[in-house]
Amino acid sequence: MKFFNTFLKVIVLVVSSSANAAPVTVDFLVDIDRRSTSVNDQWVVDSNYTGQEFTLSVTFDSNGYNLGERDYWDGQGVTSYRPSIYPISASETPFDTEINSVQPTLDYHGDTETTFSGSVSGEYSYNQTFQRSTISQDFYLSSGVSYYDSPSRYIASFERSISLGFRTFDETMTLGDIVPLSLEEYLDLGLGQTFSFRQQVDEDSNENWTYPGGAEWITVDGGIRYSGNAIMTNVAVVPVPAAVWLFGSGLLGLVGVARRKKA
């Protein structure tokens, strides 16, 4: 009896965990109005580009969502909650093929490589001085390599990225309103908001480490950037596959049969 009770609890836990861990997908209507290329260490706008519109879907892992408290901007009365959110996947864009073809042609710098993956974050902060709340959501889906010529001297960074970000003010919301939100509810705050959008492949290089006030960074020739705006149009929990429920209900049925036989 004890074995079957334990087994039943495990099955219920597996099924309920699968339901609670359902991913969340966000849809953006993206309007690109600018194409730029890096020439002579500067971004130059392509005057012949006429623009393009498409839908971008980004899926996030509910298990990776963590709304933690962080108090920063010491002395300025700002308290901030900064969620950790992780992307599972993103749909294709019209620029993927071109950006993929440009990537191998960039002139990488440095002799020690460190790869990094994309990150996704958001923020809710309250400024006691100005008595207002700031809500922001920033999504960076990136990958690339950082280059060093010694362990302490960072000289270049290659990055292929998609980024979206919005910032708005809502003086009626408090930190207490944000803390209990689920991932879906937090992302819902961005519905109808205008995000900046950028997709690019480029390399930034430090050509003058002794530049007054810090390093002087330039963009190495050969990069491509598409930029514009995006509207968040939909936030939806991805349904748990029917197979999960069938698996769970099937196991529960087997447990019931086994218990009747034992009786």
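The values are calculated or read from the model by the stated rules, or taken from the named source; none is laboratory data. Predicted, not measured: the structure shown is a model, and the values here were computed from it. Every residue, glycine among them, receives a Cβ derived from its backbone with ideal geometry; neighbour counts consider all protein chains shown.
So here's what we get for this one:
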{"item": "Residue that is assigned to a strand (DSSP E or B), among the β-branched types (Val, Ile, Thr), modelled with pLDDT of 95 or more and surrounded by 13 or more Cβ atoms within 10 Å (Cβ to Cβ), where the choices are Thr59, Thr55, Thr79, Thr93", "result": "Thr55"}
{"item": "Condition check for Asp188: in contact with a strand residue (DSSP E or B) (Cβ under 9 Å, 6 or more places away or on another chain) and modelled with pLDDT of 90 or more", "result": "yes"}
{"item": "Unique residue being out of contact with any strand residue (DSSP E or B) (no Cβ under 8 Å at 6 or more places or on another chain), modelled with pLDDT of 60 or more and either in the same structural domain as Ser47 (by TED's automatic domain parsing) or farther than 19 Å from Phe54 by Cα (or both) when the list is Val240, Val201", "result": "Val240"}
